[in-house]
Amino acid sequence: MKTLSLALFLAAMHPLAAQEGLSPSDREALLERLEKIRKEADSKVDARFRNALTAFRGAMDSPNEALNLYLKCEEIVNFDEMNKNNVDFREWKRQNEEKLSNTGFRLALRQQLRWLALTLEAASEKPDRDKLAIEAAKILETIVAEAEELSTHRDIVQQGVTSSVFARAYDINGVKAENWPLAPAPVAAVYEEVMLPQLRRKDRIESLKAAWTKRMANEAELLDAWSGKPGEKQKSGVRSPAYEKFVSETVPNLHWEAEVDLFKVGDEKGAAVRMLKHIEDNLSHESAPKWAEQFVTMLQIKDSAESDP
C-alpha cells in the first residue's frame, strides 16, 4: 500500500490522477496525519502558555522582577522584532528613566501581570470560577487601595492584558476567555462577569448582598481618585462633577439592580420591602417610573407562577 505522501505526490505529478477520489486508506492516513499535527500544535500552545504563566507568576509579586520582565518584553517586541539594536534600547531606557523608576508604574505592571496570569487560567479548559472570583477580588482591592499611587499609570490596569507587551512577547495575545474582562480596572465588568455570577445562589445571598455594596463603593472610590488627569490630585474635600453624577444618578440604579438580583436569587420578602422603600426614597429619580413598572411585573409573574396548578 502506498503511503499518503507518496500518493499525493504522484497525484500532483499526474494530471489524470489528480482527478481521482481518495481511497479509504488514503482518507485514514490523512486523518491520522491531521490528528498528529493537531496534537503537536496543541502541545506547542500548552508549552507556550505554561512558560508564560511561569514567567508572569515569577514577576508579579516583586516590583523589581515585574520591571525586569517588562524591560525584557519591551526589548523583544519593540526592538529585536523591529530590527533595532542595543544602542536604541539603551537610549529608550535612558529617555524613560523617570517612568521606569516610578513606584506607581511598577505597581501597575504587577497588577497587569496578576490579571494576565488570571486570564490564562480563565482561558483554560475547565477553569475554577470560584477561585478566579476570589483572586479577581484581591487584585481589584489592591487597585482601589492604591488608586492614588496608580493614578499616573492607570492606563496600564485599564488596558486589555492580551494586548500588553507581556502577552505579545510570549505570543499569547490571541488568548480568549469566556465571560472574562481583559482588564482589571473596569469595576463593573469585573463584578458582572466574574464575581457576582458565582454568588447568585440561595446559600450565598448574604455574600451577594455584600458584593453589590462593595461594587458600588469600589466604583465610587476609583472614580473619585481618577476623575482628574493622570497623576492630578483632587483638592481635599472637593468632589468632581463625574463623581457627584455617579452618586446621584448611577448609585440609585445600582441599588435597584442589587435588590432585583437578590429577589431573583431567593431573598424575595427582604428585597421586596427594600425595593418599595427605594422607590419611595427616590421618587424624583428619572428611573423611578421604570423601577415601579418592573416591580409590578416581577410581583405579577411571581403571583401567576404560584397560582398555577
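Readers should treat all values here as calculations from the given coordinates under stated rules, not as data from a laboratory. All values reported here derive from a predicted model rather than from experimental measurement. So basically every Cβ, Gly included, is an ideal-geometry build from the backbone, and we count neighbours across all protein chains shown.
Quick look at the numbers
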{"read-out": "Calculated on alpha-carbon atoms, Rg and Dmax of the range 33-181 in Å", "value": "16.6, 56"}
{"read-out": "3J(HN,Hα) from dihedral phi, the range 269-276, Karplus parametrisation 6.51/-1.76/1.60, rounded to Hz, x for glycine, proline", "value": "5, x, 5, 4, 4, 5, 5, 4"}
{"read-out": "Members of Lys131/Lys202; Lys138/Lys277; Lys131/Lys176 lying beyond 27 Å, as alpha-carbon distances in this model show", "value": "Lys138/Lys277"}
{"read-out": "Rough spin-label spacing in nm, given labels placed 7 Å along Cα→Cβ, for Val251 and Glu121", "value": "3.3 nm"}
{"read-out": "Point-to-point label distance, Leu299-Glu206, nm (Cα→Cβ direction, 7 Å offset)", "value": "2.9 nm"}
{"read-out": "Net dipole in debye of the range 131-263 [+1 Lys, Arg Cβ; -1 Asp, Glu Cβ; about Cα centre; nearest 20]", "value": "120 debye"}
{"read-out": "Separation of alpha-carbon centers, the range 74-146 and the range 162-187, rounded to whole Å", "value": "10 Å"}
